[in-house]
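J.: The structure's right below; bear with me while I get my questions together.
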Ligand SMILES: [Zn+2]
């Protein structure tokens, strides 16, 4: 910060020399930490992150643009190939390993859930067949039992008479054969019914096993789930952003934007969707109203229009000097 402040000091002197009325507005800008852009560059990226430096630079540039656009036309963050105020580094440790494992775990839970859906469908269809077959067996058995009782009573009657007449005998013989066929058919239904019962038991066990596996995996996931923006840190004493982990492109872009926000001076805000919320749980890459409010709290004297209006007369001079002093002095290697 000392170099930009020093250059601001020079500007104040220049403006005072030009016009006494410009002093008030310029003094306020001198107090504003957002007066001059902070420069950033990419430091080292652990190779295990399987992301190229160019890609990191592109994402960080996008993150920087998010803040710059919110404060246009004054840039808050400006890229440098090397050195600069803020260095962005990727350090691979247990956190990234855990993130990768958790991503695998999430995919495997999704697969388990698909399997569960299939099992549930099979189970439902087996149960429905089981119920229908049970009702059929009950009805058939009842009819068979009644038919058999009638048949036995008729046969018994003819036996007490010393035998049935031939036609009656033939009819009873056919009836006995039909009853036997029906009995065998009912027995086949009962065998199928018992097989279905066993299958339902087995599918039920598998179903419960998959449910318990999913629950275990979710428990593991919850135990290791990150509660804060631990994917990255910003160390104000060294102006260093360190990225430790990210699960996907969106999460990486959000963490870069979040840490650059800290580098500008922003604190956490109380809006779950906000980039500056303490927990990286939103999915939006744009700033929320809470983010913008926090930006304006840090970068005082805001609304660029108001500032432009105030400084119309001296603006070009200020930015000219600001830019040249920045180019001339603010590129020390860290
Ligand atoms: Zn934070």
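J.: Scan region 157-167 for residues that are surrounded by 13 or more Cβ atoms within 10 Å (Cβ to Cβ) and in a helix (DSSP H, G or I) and jot them down.
T.: The initial filter retains those residues of region 157-167 that are surrounded by 13 or more Cβ atoms within 10 Å (Cβ to Cβ), namely 158, 164.
Residue satisfying the conditions is 158 alone.
J.: Considering 146, 154, which residue is part of a helix (DSSP H, G or I) and at pLDDT 95 or above?
T.: Going through 146, 154 in turn, the sole match is 146.
J.: Take region 252-272 and flag every residue that is out of contact with any helix residue (DSSP H, G or I) (no Cβ under 8 Å at 6 or more places or on another chain) and surrounded by fewer than 18 Cβ atoms within 10 Å (Cβ to Cβ).
T.: Residues satisfying the conditions are 268, 272.
J.: Hey, could you check region 215-269 for residues that are assigned to a loop (DSSP other than H, G, I, E, B) and within 11 Å of the ligand (Cβ to nearest atom) and say which is farthest from residue 279 (Cα to Cα)?
T.: Within region 215-269, the match that is farthest from residue 279 (Cα to Cα) is 266.
J.: Search region 261-280 for residues that are within 19 Å of residue 68 (Cα to Cα) and in contact (Cβ under 8 Å) with a residue 24 or more places away in the chain and pair each with any residue that is near the ligand (Cβ under 8 Å from one of its atoms) and outside any loop (DSSP other than H, G, I, E, B) when their beta-carbon atoms are under 6 Å apart and the residues are at least 6 apart or on different chains.
T.: So the pair list comes out as 262/234; 263/234; 275/258.
J.: Filtering region 281-291 down to residues that are buried (at least 16 other Cβ atoms within 10 Å of the Cβ) and touching a residue at least 60 places away in the same chain (Cβ under 8 Å), which residue is nearest to the ligand (Cβ to nearest atom)?
T.: The extreme case among them is 291.
J.: Can you name every residue in region 83-121 that is within 30 Å of residue 190 (Cβ to Cβ) and out of contact with any helix residue (DSSP H, G or I) (no Cβ under 6 Å at 6 or more places or on another chain)?
T.: 118, 120, 121
J.: Determine whether residue 235 is more than 28 Å from residue 94 (Cβ to Cβ), surrounded by fewer than 16 Cβ atoms within 10 Å (Cβ to Cβ) and either in contact with a strand residue (DSSP E or B) (Cβ under 8 Å, 6 or more places away or on another chain) or in the same structural domain as residue 300 (by TED's automatic domain parsing) (or both). Explain how you work it out, then say what you get.
T.: Values: more than 28 Å from residue 94 (Cβ to Cβ): no; surrounded by fewer than 16 Cβ atoms within 10 Å (Cβ to Cβ): yes; either in contact with a strand residue (DSSP E or B) (Cβ under 8 Å, 6 or more places away or on another chain) or in the same structural domain as residue 300 (by TED's automatic domain parsing) (or both): yes.
The answer is no for residue 235.
J.: Still on this model: Which condition number does residue 113 fail, the rest of (1) modelled with pLDDT of 90 or more; (2) assigned by TED's automatic domain parsing to the domain that holds residue 252 being met?
T.: The number of the failed condition is (2).
The values are calculated or read from the model by the stated rules, or taken from the named source; none is laboratory data. Every value quoted in this text rests on a predicted model; they were computed, and no experiment measured them. Using ideal geometry, Cβ is built from the backbone for each residue, glycine included, and neighbour counts are taken over all protein chains shown.
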